[in-house]
1. Being out of contact with any Pro (no Cβ under 8 Å at 6 or more places or on another chain), outside any helix (DSSP H, G or I), open to solvent by 50 Å² or more (accessible area, probe 1.4 Å) and without any contact (Cβ under 8 Å) to a residue 12 or more places away in the chain is true for just one of 29, 24. Which residue is that?
2. Mind checking which pairs have a first residue in the stretch 55-68 that is touching a residue at least 24 places away in the same chain (Cβ under 8 Å) and of a type in the set (S, T, N, Q) and a second that is crowded, with 16+ Cβ neighbours inside 10 Å and assigned to a helix (DSSP H, G or I), Cβ under 8 Å, 6 or more apart or different chains?
3. Filter the stretch 34-58 for residues that are part of a helix (DSSP H, G or I), farther than 21 Å from residue 68 by Cβ and hydrophobic (A, V, I, L, M, F, W, C); which is most open to solvent (accessible area, probe 1.4 Å)?
4. Can you tell me which residue is farthest from the chain's Cα centre (by Cα) among those in the stretch 11-54 that are at pLDDT 95 or above and polar (S, T, N, Q)?
Amino acid sequence: MLSDIKPMDFSEVECKIIHMIIQEMPNKEMAVELHCSQRMVEYRIQGIAKKMGVSTKVGIVAGAFRSGIAS
């Protein structure tokens, strides 16, 4: 499933969150940066993980590099 993922499959906010995860930014800091609640960040992370077919932030990072979202 990861090989089927393309950068265009993710919204601008999802791409920002993916890059923040890669930078090891805590969810609380992501929420401040995105001007939203920490729960909203967690919800978005779950959605990203589901799209990638993974269950952890490590899986999101691996998927981002494999799919070309991150380089």
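The values are calculated or read from the model by the stated rules, or taken from the named source; none is laboratory data. Bear in mind the structure is a predicted one, so any value in this text is a computation, not a measurement. Reconstructed Cβ throughout: ideal geometry from the backbone, glycine too, with neighbour counts over all protein chains shown. Just so you know, the surface numbers come from the protein's heavy atoms only, side chains and all, with ligands and any DNA or RNA stripped out. Shrake-Rupley method; radii C 1.70, N 1.55, O 1.52, S 1.80 Å.
1. On the way: 29 fails: outside any helix (DSSP H, G or I).
After applying the criteria, what remains is 24.
2. Pairs found: 67/52.
3. Taking the stretch 34-58 first, the residues part of a helix (DSSP H, G or I) are 34, 38-52, 57-58.
Still in the running and farther than 21 Å from residue 68 by Cβ: 34, 38-43, 46.
When the remaining residues are screened for being hydrophobic (A, V, I, L, M, F, W, C), the result is 34, 40-41.
Numbers: 34: 40, 40: 83, 41: 1 Å².
Among residues in the stretch 34-58 that are part of a helix (DSSP H, G or I), farther than 21 Å from residue 68 by Cβ and hydrophobic (A, V, I, L, M, F, W, C), the one most open to solvent (accessible area, probe 1.4 Å) is 40.
4. Selected residue: 37.
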